[in-house]
Amino acid sequence: MRNILLKDAPQTRAISPTLATRRTSLIWLALAALTIAFLPAPASVAAPTDRHIHLEASRFAYAPAVIAVSPGDRVTIEFKAADVVHGLYLDGYSLNLTAEPGQTARLTFVADRPGTFRFRCSVTCGPLHPFMIGKLSVGPNWLLYRAIGLSLLSVIAGLLLIKRPAPRDTL
Amino acid sequence: MTAKSAERAARLLVIGLVAGLALAVFAGRWVVETRHGASLLHARIAEAGGWTPGDLSATVGKPLHLRLTSDDVMHGFAVGQTDWPAVDVLPGKATDVTLTFDRPGTYTFYCTRWCGLNHWRMRGTIEVRGPVEDRLQTAAELATTTPPSYVTLGLDIDAPHLAAVIPARKPSAARAANLGVTMPAAYLTRDDYRAHSPAKIWQSLRTEMPGKWTDAEVWDLVAFVWQSNTSPEALAEGKALYASNCAACHGETGAGDGVMAAALGQQSHAETGGDTKAPVAFTDATSMLGASPALLQGKIIRGGMGTGMPYWGPIFTEAQTWALVDYLWTFQFETEYAP
Amino acid sequence: MRYDLTRLPLLKPLLRSRWPQLLFQIMALGGFVFAILAGLVGTPVGNHNFSIVFVWIAWWALLMLIAVPLFGRGWCSICPIPVPGEWLQRGAVLKPSGRGPSAGSGRGLSWGRRWPNRLRNLWLQNGAFALVALFSAVVLTQPRVTGIMLAAFLFIAVGTSLIFERRAFCRYLCPVGGFIGLYSQLAPVEVRVKDPALCVTHTPKTCYLGSDDGYGCPWQVFPGRLMKNTYCGMCGECLRTCPYDNVTVNLRPFGADLQHPTGRRLDEAFKAFILLGSVLAYSAVMLGPWGALKSAAYAVGTAAWLGYALTFLILIFGLLPGLFWIAVRAGRVFARSNTPTRQTFIAFAYALIPLGLAAWIAFSLAFVFANLSYLWPALSDPFGWGWNLFGTASMAWTPYLTRVIPALQTLALLGGLMWASATAHQIAGEQSPSVGHASGLSQSLPVILFCLLVTLALLGLLVG
């Protein structure tokens, strides 16, 4: 990166950040980023309930593919396979179920870990098996919200990090 | 090392490693096959060819080594009318199975994991040859040479079988036991139970029993007849057979609403050789109570002639078929042998 | 800011000797041929076939997560695909035989034609990549298709070497090389001359024409004027042929090549759009919960697939460049710039390079770690025939690092966005140097907004 310090020349009408302002801005930015990244999310207002989810697996999708529950819910999954033997592996909870057509598998667990988790098929069921994916949301997706906030900060950080060369015709 | 010898060494290395690797693959396959004596038996869903090869042969007393692999989804392997346990056949992996037959005949091997609508069509045969002098009838042959009950009884298993009267509530064998009735011995025999539909038994009991018993209580007695002709073990076996073979079409609750039921109706006449029907609901009292166990056994053994109902004759032993029939009545009757 | 890596004790002899590179190339070639065989005769079940597992999971992971970000075109220096053709072309596996005036170009079998001028660009590679991407659902899951495709690459590469001079396949045809080259501009290593003035006075130009010690640059690059990594395959020939030891490998800051305002081209700009569009499409189709999309992408030849293919092509060749063009125009209006739109469009497209690499890293993290455990059974039973060479054939599948991957993906995407914003801002400064800081900012803002929207879309698809 070119190491040209910008001096406050009277010819320049540009308002360029000096080294000191840039440093303080970056510090503020870092603090804001840490806050957004690590501030604890507000606890869920919804009281934990019992949920029954009928999940049907076919080649190569789950129905429903997107499931939402609240943190603390007692979730019972009734897992049905519609055509061949399928599996269900839930990221984050490391749960694993297998179902064959005609034999529904059942599993109950407490959704104590908040976040958004993918679930995948764990029994090879054909060519697209590695892409047989669904999504379980336990509470709001705080990681996504933090990421959105941090994206805005990233843009600002990117703008601050680049040291603009002085305008050519003024040097 | 001169440039020339270095070049030569490099060329040798290239040919050696690359060609050698390729040769090693085929050499390895040849070694495994000749030493192991087994070639791969490929399983594919029926629409993609089923078992390849579909016909095997063996000799009595000589172990038949099979190496099973699936080319698409999870399958299973078992040999009908034997008590060898089923093995899972996994996609991309190999499972070794050794079969030693002690009787000659034609055995049917079949898939034991639902792999699509035509799962039940995924079958093959093993021709087992043996010394002619010692030839005993195989279980499969015995089953065919001794005619099944519906044949002996002269039943038309395709005729409608509707019960004229059905119970208001689900009959319970336990309630019947508490009635303190002495059942006429004839009703409790196995042959009598198998030959008559519950509706028929109810009719005869109704006429024979004194009027102080209500219709519902007579139905309870019918349930008791059934229960006394089965056992907890048979019901448990029937339940397991139902779950792995029937529930996918007939439904886990017997209501004819299994996951395959909808797709059944979409099969063409050309595919099945007949007009498919929706799977029967075992929860429907009118048709179930009008069917005798022998009729049910016949349907299971013979199959549905193109309706989509498989024929289980070469697969289930006679004991297994009766266990399954006994279990089907749990959709109509309550029992303390609850499986 | 450059650090000459050949100052490190062992590095220069290792780079100058042909044996280390040859050994890597032979291993890669062996693995490549093995993968072709596995694809053609092994089990049709993709996740238990060496070809699918070791090409699309292992090699892809190494490429996207390590080789490209850290070594730029480092993979190209050991890639097995052009190697058999090159040996035939040169008539030798190691150094030139040293006989005759054209020792540098070898005494091999090639017709030695010049690559046609009209095709001296990235457009064939852009097309090839788009073509492979259209069939990716089938390629990534069917061993036969992967095997045939890899064999086709090998034959085409050999054929190209027998007709044309040097590494024409690598430079103008290879779909992988197209994007490795673009992203290599970000890498922290480069091959450059130490003193360009020396090259001006050196007439024989052995680095390009070859000598007894080595071959002229197979990548058709003149090392004396090499400014960017894009077309240098890091093969090391110039290191071996320069009589003044003027060529070296430098360690440098990430993204140094983005600082060069010269040599920016439309075909490279479109490569950036194709890659960005592909990662968006792949994230939705392969990692999303929408089964209908996956089935459409797989059912090649059906109406659904045609719909998918058309949408994909419109996205990469139409929608993304179109939106970007609007952003560039808006920026020009804000900055009251007089620079031609085409030039500004091409220049700003280079801000998408760090964005694209970050996006591919984020995508690959999820895909690779969820399926990495397939490697162990595939090592022991590469063909799915029931072998167990290393005892790991029955190891069950289990996804790795599932709790950490979303955070890692987020970090990658945020890093890419930060870098893209900085690059866009810097490019604005180059495009309109007479404009003040605030106007330069406003010129880059629409482009930065584009980058932000793409990042949000990827976050939504991968982490949402």
Going by the structure shown, is residue B:280 farther than 30 Å from residue A:57 by Cβ, among the β-branched types (Val, Ile, Thr), crowded, with 16+ Cβ neighbours inside 10 Å and more than 14 Å from chain A (Cβ to nearest Cβ)? no
Residue in region B:111-166 that is farthest from residue A:85 (Cα to Cα), counting only those that are part of a loop (DSSP other than H, G, I, E, B) and at pLDDT 95 or above: B:122
Taking region C:202-247 and keeping only residues that are at positive phi and of a type in the set (Lys, Arg), one is left with C:205
All positions within region C:200-236 that are surrounded by 18 or more Cβ atoms within 10 Å (Cβ to Cβ), outside any loop (DSSP other than H, G, I, E, B) and without any contact (Cβ under 8 Å) to a residue 60 or more places away in the chain: C:207, C:208, C:223, C:224
Contact list, first residue from region A:10-32 and farther than 11 Å from residue A:157 by Cα, second anywhere and modelled with pLDDT under 75 and in a helix (DSSP H, G or I), beta-carbon distance below 7 Å, six or more apart or interchain, is A:11/A:170; A:12/A:170; A:14/C:437; A:14/C:438; A:15/C:437; A:15/C:438; A:16/C:437
Breaking point among (1) in a loop (DSSP other than H, G, I, E, B); (2) within 13 Å of chain A (Cβ to nearest Cβ); (3) surrounded by 19 or more Cβ atoms within 10 Å (Cβ to Cβ); (4) at negative phi, for residue B:253: (3)
Take the conditions in contact with a Pro (Cβ under 7 Å, 6 or more places away or on another chain) and assigned by TED's automatic domain parsing to the domain that holds residue C:186 and apply them to residue C:24. Does it pass? no
Filter region B:86-129 down to the residues that are of a type in the set (Asp, Glu) and either over 21 Å from the mean Cα position of the chain (by Cα) or not assigned by TED's automatic domain parsing to the domain that holds residue B:73 (or both) and list them by number. B:96, B:102
Where residues in region A:106-126 are buried (at least 19 other Cβ atoms within 10 Å of the Cβ) and either within 14 Å of chain B (Cβ to nearest Cβ) or aromatic (Phe, Trp, Tyr) (or both), which of them is farthest from residue B:70 (Cα to Cα)? A:117
Just for region B:189-210: of the residues that are within 29 Å of the chain's Cα centre (by Cα), of a type in the set (Gly, Ala, Ser) and part of a helix (DSSP H, G or I), which one is surrounded by the most Cβ atoms within 10 Å (Cβ to Cβ)? B:199
Residues in region B:11-45 that are surrounded by fewer than 18 Cβ atoms within 10 Å (Cβ to Cβ), in contact with a strand residue (DSSP E or B) (Cβ under 8 Å, 6 or more places away or on another chain) and not in a loop (DSSP other than H, G, I, E, B): how many? 1
In the set A:90, A:95, A:26, A:19, the lone residue that is among the hydrophobic types (A, V, I, L, M, F, W, C) and at pLDDT 95 or above is A:90
Which condition number does residue B:230 fail, the rest of (1) assigned to a loop (DSSP other than H, G, I, E, B); (2) touching a strand residue (DSSP E or B) at 6+ places or on another chain (Cβ under 6 Å) being met? (2)
Which residue out of C:8, C:15 is more than 13 Å from chain B (Cβ to nearest Cβ), surrounded by fewer than 18 Cβ atoms within 10 Å (Cβ to Cβ), on the phi < 0 side of the Ramachandran plot and not acidic (Asp, Glu)? C:8
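The values are calculated or read from the model by the stated rules, or taken from the named source; none is laboratory data. Bear in mind the structure is a predicted one, so any value in this text is a computation, not a measurement. Here Cβ is always computed from backbone atoms with ideal geometry, including for glycine, and neighbour counts include all displayed protein chains.
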